[in-house]
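The values are calculated or read from the model by the stated rules, or taken from the named source; none is laboratory data. Everything numeric here is computed off the predicted structure, so don't read it as measured data. Backbone-built Cβ (ideal geometry, glycine too); neighbour counts: all protein chains shown.
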Amino acid sequence: MKSRSAPATAALGPNPTVQRPASRHIHVRLLQYLAFAIAALIAVACGSNAESEGAFSYSYDSYFQSFAFDYNPATTAEDLAKRSTVVVEATLVDVKNGRFFGASETEPEGVTLNLVFGTDDKTRYYVQLPRPMDSDVTQLRSVLPIGSQSVIYLQPNNDPLEGVWHNTRSDGNEWYFTTPQGWILDHSERGIVFPLVDNELEPPFREAPTGASDSLKDWLVGEGRV
């Protein structure tokens, strides 16, 4: 397997690092927690250190280092496929603003990002991830690998998020990665990477698929689950 990106080490809330105990899958409460944590960090940054620290730094690595996950990791790709509603190879075609919450649409307190994936049959999947409050989606679009091929393992976002949530899709086409392991990316410079869990000291799965090499298709296990 080719080289991977730097591990995500950003703090959430008051703790300097986030451990990864066996707990729950990605779901709305996790994203809510992440969004609140990001909002809290930004509120602190707006204080006396704001000028010295500056705004969000736009790069591939800085985006993935701006958040971390607490989840129950799959032991193998087969295990991940069993947990997933969709398993498919797709192209990252765009990056857009996702849901956000706040007292009104003009007063966001926490924001998300939609990674837009497209398949050969023109199906689109809008996959939700956290977004730093001081980031700009246009600039994030310039540093994330649009046009790259991926294998994605997804669960639908079926959580009712009415009231304080805004910019929700009316067609229900909103998804989460089943776990952060569920995005395998063929990066043009880095090869096969796992952007959300890359760590040179800890493989994304205890066991790789049989015969896995540098081919993205090796990670397409259980394709087309519904």
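Which of (1) modelled with pLDDT of 90 or more; (2) part of a loop (DSSP other than H, G, I, E, B) does Arg169 not meet, given it meets every other one?
The number of the failed condition is (1).
Is the range 72-91 home to any residue that is within 13 Å of the chain's Cα centre (by Cα) and either within 17 Å of Leu196 (Cα to Cα) or acidic (Asp, Glu) (or both)?
Checked the range 72-91: no residue is within 13 Å of the chain's Cα centre (by Cα) and either within 17 Å of Leu196 (Cα to Cα) or acidic (Asp, Glu) (or both).
Being in contact with a strand residue (DSSP E or B) (Cβ under 8 Å, 6 or more places away or on another chain) and either modelled with pLDDT of 50 or more or part of a strand (DSSP E or B) (or both) is the requirement here; does Phe69 meet it?
no
Each row is one residue, and each column tells you yes or no for (1) at pLDDT 95 or above; (2) more than 23 Å from Ser84 (Cα to Cα).
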{"residue": "Leu140", "(1), (2)": "no, yes"}
{"residue": "Val151", "(1), (2)": "yes, no"}
{"residue": "Ser188", "(1), (2)": "no, yes"}
{"residue": "Leu201", "(1), (2)": "no, yes"}
{"residue": "Phe205", "(1), (2)": "no, no"}
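For residues in the range 172-190 being β-branched (Val, Ile, Thr) and in a loop (DSSP other than H, G, I, E, B), which is surrounded by the fewest Cβ atoms within 10 Å (Cβ to Cβ)?
Result: Thr179.
Among Leu92, Leu80, Leu129, which is the only one that is at pLDDT 85 or above, part of a helix (DSSP H, G or I) and surrounded by 15 or more Cβ atoms within 10 Å (Cβ to Cβ)?
Leu80
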